[in-house]
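Shown next, in structure tokens, is the structure this report addresses.
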Amino acid sequence: MNTSSITKLFKAVELALITLTAKKELQNKMNAYNFTPKRVQEGNTLLNNARLLHSTQEDHYDEARRISLQIKQDNHTALEVFRDHVAIAKSAFRKEPLLLQELHIQRLENGIIAMTEQAMDFYKKAPTYMIRLQPYGASVEAFEQNKAAIEALVTLRAQRQMKKGDAEHSTQEKNQAIKALRDWYGEFRKLARIAFQDTPQVLETFGIVVPSAPKKRKATGASTAKS
């Protein structure tokens, strides 16, 4: 069910519960069809549980989206700085291909995740050669700062994956709760239609639409009188 359908279900169940609680005579009529106050309380519990799980699922997905946006922004900044630092290293070691290979910067990786891993490897090894890099514009502080930014990206990706897992798990729980609530409401509607079949206005107080009786068609055609 989409969010709009779920919201409609919540409102319909809430109306039924409020009406039954407020009007004892209606509840008494439903008792005759084994829809007791205990069943009403069950509906209230199912409604509260479904609302909670629906809200929790949305919170998990919202948090995953928020983290994704942050990753997108931080990726751009941290990887741009990494490219600058690679350019510095390539200038410093332009005549030392084996050293460039050791630093894993012969070429930049294409994918963001692959480049992030490349950056992690580079920043682990680069401090060993910082004295040689400094004349080309490198600084310990800048390298350490961007190393921390890259590590933060890795952490954020793990958090996003965890939130996605939480969201998928909560989706399963929510779907089960929605099904239970829908079954409860379906039974209520069926019994209410039987209990109040002679008083359709009562069904309308529950929010149950009662189709109007079809209008009788007028007879057509002219009748001929016998002479």
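With all protein chains in place and a 1.4 Å probe, the accessible surface of the chain carries 53 percent carbon and sulfur. In this simple spin-label model, placing a label point 7 Å from the Cα along the Cα-to-Cβ direction at both residue 198 and residue 68 gives a separation of 5.8 nm. Select one label from [x] 11.3; [y] 13.5; [z] 25.5: the one whose number is mean projected area of the Cα convex hull in nm² as derived from the coordinates shown. Identified label for the calculated read-out: [z]. Length, then width, then depth: along the principal axes, the Cα atoms of the range 38-118 run 83, 19, 14 Å. Residue by residue, the range 118-135 carries 3J(HN,Hα) couplings of 4, 5, 4, 5, 4, 6, 6, 9, 4, x, 4, 10, 4, 4, 7, 7, 4, x Hz when phi is fed to the Karplus relation 6.51 cos²θ - 1.76 cosθ + 1.60 (θ = phi - 60°); x denotes Gly or Pro.
Can you pull a Stokes-Einstein diffusion coefficient for the range 131-185 at 4 °C (1.567 mPa s), Rh from Kirkwood over Cα pairs, as a whole number of µm²/s?
Details: Rh = 15.1 Å.
So the translational diffusion coefficient is about 86 µm²/s.
Probe of 1.4 angstrom, ligands and nucleic acids ignored: what's the accessible area per residue over the chain, in square angstrom? Walk me through the intermediate numbers first.
Working: 14600 Å² over 227 residues.
Result: 64 Å² of accessible area for each residue.
For the chain, the Cβ-based charge dipole about the Cα centre amounts to some 1700 debye (Lys, Arg positive; Asp, Glu negative; other atoms uncharged).
Of the cross-linked pairs 90/164; 147/174; 38/163; 8/164, which ones have a Cα-Cα span greater than 32 Å in the structure shown? Mind showing how you got there, number by number?
Numbers: 90/164 39 Å; 147/174 40 Å; 38/163 37 Å; 8/164 26 Å.
Beyond 32 Å: 90/164; 147/174; 38/163.
What the phi angles of the range 151-159 give under the Karplus curve with 6.51, -1.76 and 1.60, with θ = phi - 60°, is a coupling list of 5, 5, 5, 4, 5, 4, 5, 5, 5 Hz, glycine and proline written as x.
The values are calculated or read from the model by the stated rules, or taken from the named source; none is laboratory data. It should be emphasised that the depicted structure is a prediction, and the values quoted were computed from it without experimental measurement. All Cβ positions, glycine included, derive from the backbone under ideal geometry; neighbour counts span all protein chains shown. When the accessible area is computed, the model is the full protein with side chains, heavy atoms only, and any ligands, DNA or RNA have been set aside. Shrake-Rupley method; radii C 1.70, N 1.55, O 1.52, S 1.80 Å.
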